[in-house]
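Visitor: Next up is a structure, given as structure tokens.
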Amino acid sequence: MNNQLFIVLEGIDGSGTSTQAELLKKYFQSQGDKAVISPEPSAGPIGNLIRDTLKKRIFFTSDRRLFDEQMAYLFAADRHDHLYNEVDGVFKLIEQGFHVISTRYYFSSLVYNCQTPEQFEFVSRLNYKFPNPDLVIYIDLPIEVSLKRLQERSLQEIYETENKLTQVKTNYQKIFADYQDKLLVIEGTKSIETIHQQIIEFIRLNFSFKNTLN
Ligand code: ADP
């Protein structure tokens, strides 16, 4: 049986997904397990293209609708590469014995790239073949707190506006209300340590993997 886990952290910008991914990786390692953080957009060629687009270093179109479609295609292409590339793809890493922790996955496409039911349908279709992770952790943070945290960052990406965050949060609530697989929802206003402990507790209760059964 394959005991390696594919865990995804989701949340609006500034919700603490990177912080928790790092702590979770260290926890697995402290238990003698191999673990790696493999975020989306990925560190691969398409992921870099996405990052440059978000920073406005690369420019495709000024038409908002076309831009959203463009991003949806790029993210889906990057996701395929992120999962299946044979150098450092998620499934390759799992085969090599790593737990893989991804900050963001197809859920982010559904919440960031969709403003209308038509867009939701389009993005869902682009992503329908991607498998669910073993666990998705949604860190639920109020918009005001997110904005405060983001103000402290030097480089603000184009998604980080109040309206956008509000829409993204509403979308998250919608998709996770219908989600059928393993999901942990956490209040993002709790302390970093409290959230970390909640995550570990959930994992210990729901999964068995080497060195963590005692
Ligand atoms: P994300 O990767 O989801 O955008 P980060 O993990 O980068 O978010 O966290 C954003 C900022 O908020 C960082 O400065 C981080 O130290 C801080 N932070 C993260 N989690 C918490 C928390 N639970 N309470 C207070 N501050 C937090």
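The values are calculated or read from the model by the stated rules, or taken from the named source; none is laboratory data. As the structure is a computational prediction, the values presented were derived from the model and not from experiment. So basically every Cβ, Gly included, is an ideal-geometry build from the backbone, and we count neighbours across all protein chains shown.
Visitor: Which of the residues belonging to segment 93-116 are among the small types (Gly, Ala, Ser), in contact (Cβ under 8 Å) with a residue 40 or more places away in the chain and over 12 Å from Leu5 (Cα atoms)?
Guide: Of everything in segment 93-116, just one residue is among the small types (Gly, Ala, Ser), in contact (Cβ under 8 Å) with a residue 40 or more places away in the chain and over 12 Å from Leu5 (Cα atoms), namely Ser108.
Visitor: Six or more apart or on different chains, Cβ under 8 Å: which pairs go from a residue in segment 173-193 that's within 16 Å of the ligand (Cβ to nearest atom) to one that's assigned to a loop (DSSP other than H, G, I, E, B) and polar (S, T, N, Q)? Could you list them?
Guide: Gly188/Ser15
Visitor: For the structure I just gave you, tell me whether Tyr159 is under 16 Å from Ser108 (Cα atoms), at pLDDT below 95 and either aromatic (Phe, Trp, Tyr) or in contact with a strand residue (DSSP E or B) (Cβ under 6 Å, 6 or more places away or on another chain) (or both).
Guide: Yes.
Visitor: Next question. Within segment 1-39, which residues are at pLDDT below 95 and within 16 Å of the ligand (Cβ to nearest atom)?
Guide: Within segment 1-39, Asp13, Gly14 qualify.
Visitor: Which of the residues that make up segment 58-90 are closer than 26 Å to Thr19 by Cβ and touching a Phe, Trp or Tyr at 6+ places or on another chain (Cβ under 7 Å)?
Guide: Matches in segment 58-90: Arg79, Leu83, Val90.
Visitor: Please go through segment 30-72 and give me each residue that is among the polar types (S, T, N, Q) and in a loop (DSSP other than H, G, I, E, B), ordered by number.
Guide: Gln31, Ser38, Ser42, Thr61, Ser62
Visitor: With the structure loaded, tell me whether Gly11 is without any contact (Cβ under 8 Å) to a residue 24 or more places away in the chain and surrounded by 18 or more Cβ atoms within 10 Å (Cβ to Cβ) or whether it fails that test.
Guide: The answer is no for Gly11.
Visitor: Name the residues in segment 73-108 that are within 16 Å of the ligand (Cβ to nearest atom), assigned to a helix (DSSP H, G or I) and among the small types (Gly, Ala, Ser), would you?
Guide: Ser108
Visitor: It is to be established whether one or more residues within segment 53-66 are buried (at least 16 other Cβ atoms within 10 Å of the Cβ) and of a type in the set (Ser, Thr, Tyr).
Guide: There is at least one residue in segment 53-66 that is buried (at least 16 other Cβ atoms within 10 Å of the Cβ) and of a type in the set (Ser, Thr, Tyr).
Visitor: I'm checking my understanding of the structure. Among residues of segment 1-29 that are assigned to a loop (DSSP other than H, G, I, E, B) and aliphatic (A, V, I, L, M), which one is nearest to the chain's Cα centre (by Cα)?
Guide: Ile12
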